[in-house]
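Structure, as structure tokens:
The values are calculated or read from the model by the stated rules, or taken from the named source; none is laboratory data. If you're wondering where the values come from, they're calculated on a predicted model, not measured in any experiment. Heads up, the Cβs are rebuilt from the backbone with ideal geometry, glycines too, and the neighbour counts pull from every protein chain shown. In case anyone asks, the SASA skips ligands and DNA or RNA and just uses the protein heavy atoms, side chains included. Shrake-Rupley method; radii C 1.70, N 1.55, O 1.52, S 1.80 Å.
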Amino acid sequence: MDNVIDFINVNRDRYIDELKALLAIPSVSALPEHKDDVRRCAEWCADEMRRIGLQNVRLVETPGNPVVYGDWLGASGAPTILFYGHYDVQPVDPLNLWESPPFEATVRDGEIYARGAADDKGQVFMHFKAVEAYLKQNGRLPVNIKIIIEGEEEVGSENLDDFIRAHKGELTADVVVISDSGMFARGVPSICYGLRGLVYFQIDLRGSSTDLHSGSFGGAVANPGFVLCQMIAQMKDRSGRIKIPGFYDDVQPLLDEERQAWASLPFNEKKYKKDFGIPKLLGETGYTTLERTWARPTFEVNGLLSGFTGEGAKTVLPAVAMAKVSMRLVPNQDPNKIADLFQKYVESIAPKTVELKITRMHGGKPWMTSYANPFVQAAGRAIEKGFGRAPIFTREGGSIPVVSTFQEELGLPSVLFGVGLPDENAHAPNEKLDLSNFHNGIIASAFLYEEIGTRT
């Protein structure tokens, strides 16, 4: 094992240069104009997987972007890891807020800035480098490994479930490892044992066939922008509780021991507010900030559009208004049930003065495992060896829908093995990844393979 770690330490600078090449590919899956770039990124990942010694590497076509597959199955009798990650990234707007070009990776103060640095290219790449170190130094891994890297995670993984169902035999394993999550705080490594689910909708209202003069028609015709605001205001009460009938029926309550454990974590609300420029925290009454973000469902407005938004003034009564909204779900909420409840409620509060269109965009199920799981414990030991500190156990407010699919379709437990930090702007301008965490993450990944291969 020492020779593997020495190899990782010696090649630290090379890893950064190689990561920069991956980050330079604008694989934005949400924008059609980047479709060729997305495929180019898939091919780059496949080439890198071949170069480091993985076998059976290929692109598996889907109705959308290809899945990259590769494996190494030479550890007879050892457990098999199924590693999952994604090579697509979020759009970069607003571009003017980036301090350096989003696809020209720049190192500043020990951090690498680029779209995809933390989510998820950097975290995928650290596993590539751990695999490379073993195969270059020892010619073998202590475990078998199968790797799938998808290109549609940032747009809801629309084709991933079908891919998994179609390749069940090929994807048999003992555990799924996913590095698309974060640490609790800088210097505080963590293991995530729960994720929230997601339902995402677009609401469109139309009040007239065209924009109208607000002087000539105001007061006689419903304003879709105003109606939309009224409808959104009916989604929550003053205590922050969501008003959709039946929304909380299946919510799994927090355990007292979880609340006690989370209360002991090194979380500082004043620093949290300062770090993110928040004047005052707000959320569901009766819960702490960590409880609200990790274990309580939410309703959020993700975008609004209506009327004239340019410079100056234009006295227009808009014809249409649009909102994109999402709900984060917790165990045991079902996305399909919540989607039906939401649609029924929106239809009930929409006035007859506007035409209503509701579009379900995408979603995913919540997930939770026990941190007594032997694979989770193996990950904890590996992180302690890589970072020099035992991890804490947390939940995560975000969503990785495929985790539930792995459980339901393949019967596999998952280990979330992430090294991102809360302030790394994963979906915002100036996304970055701490290079010390990246390097320690490579070492921890190498130890993870040894821990799973020899001690589970």
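This model, with +1 at the C-beta of Lys and Arg and -1 at the C-beta of Asp and Glu, gives the chain a dipole about its Cα centre of some 920 debye. Once Lys and Arg get +1 and Asp and Glu get -1 on their Cβ, which of Ala30, Leu282, Met327 lies farthest toward the positive end of the dipole of the chain? Projecting each Cα onto the dipole axis, the largest value belongs to Leu282. Taking the inverse of the mean 1/r over every pair of distinct Cα atoms in segment 359-456 gives a Kirkwood hydrodynamic radius of 15.2 Å.
The Cα center of segment 411-425 and the Cα center of segment 326-342 differ in position by 22 Å.
Summary value for segment 1-156: 34 percent relative contact order, contacts being C-alpha pairs under 8 angstrom separated by 6+ residues. For segment 394-444, a/c is not less than 1.5, where a ≥ b ≥ c are the root eigenvalues of the C-alpha gyration tensor, and a/b does not top b/c. That puts it in the oblate class. Distance from the alpha carbon centroid of segment 374-394 to that of segment 129-191 works out to 17 angstrom.
To the nearest 0.05, what FRET efficiency results for Ala222 and Arg14 with a Förster distance of 60 Å applied to their C-beta separation? Efficiency, rounded to the nearest 0.05: 0.45. Within the chain, antiparallel bridges make up roughly 70 percent of the DSSP beta bridges whose residues both belong there. For segment 1-139, with all protein chains in place and a probe radius of 1.4 Å, 48% of the accessible heavy-atom surface sits on carbon or sulfur.
The value of relative contact order for segment 292-376, using C-alpha pairs under 8 Å at least six residues apart, is 27 percent.
Across the options Phe184, Leu54, Pro266, the greatest Cα extent toward the positive end of the charge dipole of the chain (unit charges at beta carbon of Lys, Arg, Asp, Glu) belongs to Pro266. For the listed peptides 114-123, 179-188, a ranking on the average number of other beta carbons within 10 Å per residue, highest first, reads 114-123, 179-188. Extension gain, Thr359-Glu99: 0.36 nm per intervening residue step, less the Cα-Cα distance, totals 90.0 nm. Can you compute the FRET efficiency between His213 and Ala263 using 1/(1 + (r/R0)^6), with r the Cβ-Cβ distance and R0 = 41 Å? Round to the nearest 0.05. Plugging the Cβ-Cβ distance into 1/(1 + (r/R0)^6) gives 0.10.
Measuring nothing but how far apart in sequence close Cα pairs (under 8 Å, 6+ apart) lie, relative to its length, the chain scores a relative contact order of 25 percent. DSSP assigns beta bridges within segment 79-148; of those with both partners inside it, close to 40 percent run antiparallel.
For the chain, the mean residue ellipticity at 222 nm estimated from helices alone is -10000 deg cm²/dmol, where every DSSP H run of n ≥ 4 contributes -39500 (n - 2.57) and the total is divided by all residues, rounded to the nearest 500.
Taken as Cα centroids, segment 202-251 and segment 256-278 sit 34 Å apart, rounded to the nearest whole angstrom. On a per residue basis, the chain carries 44 Å² of accessible surface, using protein heavy atoms and a 1.4 Å probe.
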